[in-house]
Every structure is written in structure tokens, then in C-alpha cells.
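**Q** Sharing a structure below in C-alpha cells format, with a few things to ask.
Where a number appears in this text, it was derived from the coordinates with a stated rule and is not lab data. Here the structure is a predicted model, which is why all the values come from computation and not from measurement. Reconstructed Cβ throughout: ideal geometry from the backbone, glycine too, with neighbour counts over all protein chains shown.
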Amino acid sequence: MSADTVLSLVRDDLRAFAGYSSARSSALVGDVWLNANESAWSNPADAQGIARRYPEPQPQALRTQLAALYGCSADQLLIGRGSDEAIDLLVRALCQPGRDAVLVTPPVFGMYAVCARLQNAPLLEVPLRDSGDALVADIDAIIAAALSGNAKLVFLCTPSNPAGSSIALNDIERVAQALEGRALVVVDEAYGEYADQASAATLLSRYNNVAVLRTLSKAHALAAARIGTLIAAPTLIQVLRRCQAPYPVPAPCTALALAALDSDALAVTDARVAQVKAERDRLYQALQQAPGVLRAYPSHGNYLLVRFDDAQAAFDALLAAGVVVRDQRAAPQLHDALRITIGSPEQNDRVLQVLTARRAAA
């Protein structure tokens, strides 16, 4: 798929859109900066003057580090305010309101549908299929619905939130092939560090209609820093940068992210991911045997989706013990389910103690 074909997926009126040129967008060099109406003095709360000047719109040092982390080139990266900003940018830049559809696979992360609604983009839903062992994406149905429903964006969440299931790379490739020139296949890998398969970013060399979402919020424990990354064809990245609001990455967040991506910090993150995987397996096995649990689904994320005979009672018992979990009962197919994030061993022990004690007391 050529760069021109990727550009054809963008709204006609935005292909040549120049966007806003901020004071930090130019390559000017000087030692007295009087072009952005910034204060000449630091705030008393900012002794080192980190926040006095506007930050780089796309910090080059962070782009280099993220490219190394995700195995892509820097020109394939867009850094934004979490993955949410990239989702919103994609919907606004590619979908003509009232015409171009967004396809999702419920139950799934709700921001895809929210962004579609805000853009007045038709929403196509292809529910996950209950295979008996897992809630899985129906690849044939996704392709058929995307083609018949004029989908411009297809969101594939893998590992899926909240189901925990993954989509095999060959299935993602099959969707990309079928929709080449028709739609962008956006693979959300927010929980990719907890899965065992290679990233869909490995498909970009063959399919320019694939884009990948990554984040430092989960495995890297920087949720408050709001550092999300979109990996896509450079031509598409350039368009989205022109559509992005100025200065999306605060300088303190950039500094924090760079520190989190040095070799020592990454080694700690890797060890913690391994611990989460071990705890995930332990909790899954224990919940399978817990009274009142109808089914615990295997997961490739840092959470488990669990069905209960009385989900309200389980939720209330956990809350009474100070444990807050995600109530999923309003989501399609999940009328009896809670999502439990994998915590520390001690936190997971408390979950098991509460659920066991709840039925014993009954």
C-alpha cells in the first residue's frame, strides 16, 4: 500500500490542512527567546525553570527512546496525551461526519465509541464471540461488516479490555489485507507488554493501513504522566501532527518518561511484568475454584474478567473490604461480570480471602 493510498484514507478537506504553527515548531536558533510571549522569569514553585517555556511539540529524545522500545522508526511515531488523544485524532482526521464508520468489537474499551459519537461517525459493532473458553474477535464478521458498512477505522483491541483475549498476528494481517485501501486497522496494544506475541507494529513494513496504539500508563506505571504513542505510516503521522493541538507533551512528563525508559528502570519494569503474569496465573487458577464464581476467563492483560452467580454481592463484599474492582455488568454480554486488576501478591490474597469468606458466611 503506497503512501498516496494511506493519504486517501484521510478526509478530503484535511489532506492539505496546514494546522497551527506554534512558536516551537520552527528551527530557529537563539539564546534570548522572545517569540512565544512566555514569562522572562520562572515561577517560585519551579526553581529549575522546567515549566517556564513551552515544550517541544514532539520531544525528539523521547521519540528516539520510544522508537527503540517499540521497534519502529521515529518518523512513525506520534506522542500524545495517552492513547485517548490518538484515538480521537484518528476519528476526526479520517471520518467524514455522518458517512465514514468506526468499527468496534464489544465488550471493549469505550473511548472508541465515544470518539465516534463526538464526530458523528456511524458506529459498527461486531460483538466478541464466546468460544466457551474465551471471548474472541470474529475475524470473518469484522471484515464483512467493515466492507458492507463503509468503515474507515477498525479498532482491534489486543489484549482485549476487558475480555483479556488476544488476536493472532495472522488474523490482524487478514483484516489489513481485506481492507487495504478501504480502512485503517488500528491495533490497540495498551496491554501488549503482558502478552506473549509480537507487536502488530511488525506488520507496518507490509501494510500501511495498520496503525498501533501503545502507552506508558500500564506496564510502565506512568498513568498520570499521560504518555501515549501511535505508530503508523509516516505520511499519516504527518497529517495527524497537523491536526494535533499545540504542545501535547508537558516537559515534566517528558522528563519522567525518559527516566522510566533508561536501562535500569526498564529492567525493573520487566521484572514486574513477569510478576504480574505469575500472579495472574495464580489468581486465575484460584478463582476457577472459588465458590460463587461461574467462570474466570484466561487473560493476556494485567486483569481477569470473572463471572459470578451474584456479581452485586461479590462487588459489595470486596468494596466493604476496601477492594475496588471494575463493575462490567452494563457492558454487552457481561451482565454478571467484574474485572479484577492484578495487584501485588498481598492485594490478590485479599481478593481471594474476601470471595472465599463471602460464600462461607452465606
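**Q** Tilt of helix 345-361 relative to the longest C-alpha principal axis of the chain, in degrees (0 to 90, nearest 10)?
**A** 40
**Q** Regarding the range 40-88, what is the average projected area of its C-alpha convex hull, in nm²?
**A** The Cα convex hull of the range 40-88, projected and averaged over all directions, gives 4.9 nm².
**Q** Same structure, new question: Per-residue counts of other Cβ atoms within 10 Å, averaged by peptide: what ranking do you get for 153-164, 71-82, 268-279, highest first?
**A** Top of the packing list down: 153-164, 71-82, 268-279.
**Q** Once the Cα gyration tensor of the range 275-340 is found, what semi-axes does its equivalent ellipsoid get, as square roots of 5 times the eigenvalues, in whole Å, sorted largest first?
**A** In descending order the semi-axes read 18, 13, 12 Å.
**Q** Calculate the tail of P(r) for the range 148-190: the fraction of all Cα-Cα distances greater than 14 Å, expressed in %.
**A** Value for the range 148-190 (Cα pairs over 14 Å): 47 percent.
**Q** For ALA144 paired with SER25, estimate the spin-label separation in nm (one decimal), with each label point 7 Å from Cα along the Cα-to-Cβ line.
**A** Spacing of the two 7 Å Cα→Cβ label points: 4.6 nm.
**Q** Then there is this: Please give the helix 311-320 orientation as an angle from the longest Cα principal axis of the chain, in degrees from 0 to 90, rounded to the nearest 10.
**A** 80
**Q** Let me ask another. Can you tell me the mean projection area, over all orientations, of the convex hull of the range 19-69's alpha carbons? Units nm², please.
**A** 5.2
**Q** Which Cα, out of LEU184, GLY80, ASN37, lies furthest along the positive dipole direction of the range 3-261 (beta carbon charges, K/R +1, D/E -1)?
**A** Comparing the listed Cα positions along the dipole, ASN37 ranks first.
**Q** Magnitude of the Cβ-charge dipole of the chain, K/R +1 and D/E -1, about the Cα centre, nearest 20 debye?
**A** 420
**Q** Report the Stokes-Einstein translational diffusion coefficient (µm² s⁻¹, integer) for the chain, Rh taken as the Kirkwood radius over Cα pairs, at 37 °C with viscosity 0.692 mPa s.
**A** Once the numbers are plugged in, D ends up at 149 µm²/s.
**Q** A follow-up question, please. Running Debye on the range 1-137 with equal point scatterers at the Cα sites and no solvent, what base-10 log of I(q)/I(0) appears at q = 0.16, 0.19 Å⁻¹?
**A** The Cα Debye sum returns log10 ratios of -1.11, -1.26.
**Q** Name the GluC sites (Glu not before Pro) in the range 151-249 that are in a loop by DSSP and that have at most 16 other C-beta atoms within 10 Å, would you?
**A** GLU180
**Q** For labels at ALA278 and ASP309 in the simple 7 Å Cα→Cβ model, what's the distance in nm?
**A** So the two model labels end up 3.4 nm from each other.
**Q** Once both axes come from the Cα atoms, what is the angle between helix 234-243 and the longest principal axis of the chain, in degrees from 0 to 90, rounded to 10?
**A** Tilt of helix 234-243: around 80 degrees.
**Q** Okay, moving on. Kindly provide the trypsin sites (Lys or Arg not before Pro) of the range 155-212 that DSSP labels as loop, not H, G, I, E or B, and whose Cβ sees at most 14 other Cβ atoms within 10 Å.
**A** For trypsin sites (Lys or Arg not before Pro) across the range 155-212 that sit outside H, G, I, E and B with at most 14 neighbouring Cβ atoms in 10 Å, the list reads ARG206.
**Q** Farthest toward the dipole's positive end in the chain, which of LEU334, PHE315, ALA18, given Cβ charges of +1 (Lys, Arg) and -1 (Asp, Glu) about the Cα centre?
**A** ALA18
**Q** Related question: Can you work out ³J(HN,Hα) from phi for every residue in the range 332-344, in order, using Karplus 6.51 cos²θ - 1.76 cosθ + 1.60 and θ = phi - 60°, giving whole Hz and x for Gly and Pro?
**A** Here the 3J(HN,Hα) series is x, 6, 10, 5, 10, 10, 10, 10, 10, 5, 6, x, 6 Hz.
**Q** In whole angstrom, and with the biggest value first, how far do the Cα coordinates of the range 103-231 range along each principal axis?
**A** Its Cα atoms span 40, 34, 33 Å along the three principal axes.
**Q** Report Rg (one decimal) and Dmax (nearest whole number) for the range 302-362, counting Cα atoms only, units Å.
**A** Computed over the Cα atoms of the range 302-362, radius of gyration and Dmax are 11.1, 32 Å.
**Q** While we're on this one: Using a basic spin-label model with each label point 7 Å from the Cα along Cα→Cβ, how many nm lie between ASN120 and LEU352?
**A** With each label placed 7 Å out from Cα toward Cβ, I get 5.4 nm.
**Q** Got a sec? Charge dipole of the chain, +1 on Cβ for Lys and Arg, -1 for Asp and Glu; which of ALA146, ALA260, GLN285 is way out at the positive end?
**A** ALA146
**Q** If you put +1 on each Lys and Arg Cβ and -1 on each Asp and Glu Cβ, how big is the dipole of the range 233-362 around its Cα centre, in Debye rounded to 20?
**A** Computed charge dipole of the range 233-362: roughly 340 debye.
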